[in-house]
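The values are calculated or read from the model by the stated rules, or taken from the named source; none is laboratory data. Just so you know, these numbers come straight off a predicted model, no measurement behind them. Protein only, heavy atoms only, side chains kept; ligands, DNA and RNA dropped before computing areas. Shrake-Rupley method; radii C 1.70, N 1.55, O 1.52, S 1.80 Å.
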Amino acid sequence: MRLGAHLSIAKGWRALVLMAVDLGCEAVQVFSRSPRGGEPKALHKRDMEAFQQLCKEANISPLCVHVPYFVNLGAQEDHTWEYSKSTLK
């Protein structure tokens, strides 16, 4: 069993790893974007490679991604269903 925390990516991926290390995390969970929905921030290859390397060095794994609360594949409203499908994709 690995223990971790749900941490913010607001200050960047490097800051997230540093916070996880300070907390003694072995795993991390993040939101893919604001929990209330909207568009995610762009992911840049160099940042993601550095993040993966930092996680490897700190033995932090897995990274779990939490979708926004708004996701509802059973929604009757077309816009909600389309948003939900797009977000999961």
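Give the long-range amide H neighbours of Phe31: residues separated by 5 or more places, or on another chain, with amide H under 5 Å away, using H modelled in the peptide plane at 1.01 Å from N.
Ile9, His66
Output the relative contact order of the chain, whole-number percent, from Cα pairs under 8 angstrom with separation of 6+ residues.
It rounds to 28 percent for the chain.
Using Stokes-Einstein with the Kirkwood hydrodynamic radius over Cα pairs, what translational diffusion coefficient do you get for the chain at 20 °C and a viscosity of 1.002 mPa s, in µm²/s rounded to a whole number?
Approximately 151 µm²/s, per Stokes-Einstein.
Could you state the accessible area per residue of the chain in Å², with a 1.4 Å probe and every protein chain left in place?
Using a 1.4 Å probe on heavy atoms only, each residue of the chain averages 74 Å².
Tell me which lysines have Cα within less than 27 Å of Lys11's Cα, excluding those fewer than 8 residues away on the same chain?
Once the sequence-local lysines are set aside, what remains near Lys11 is Lys41, Lys45, Lys56, Lys89.
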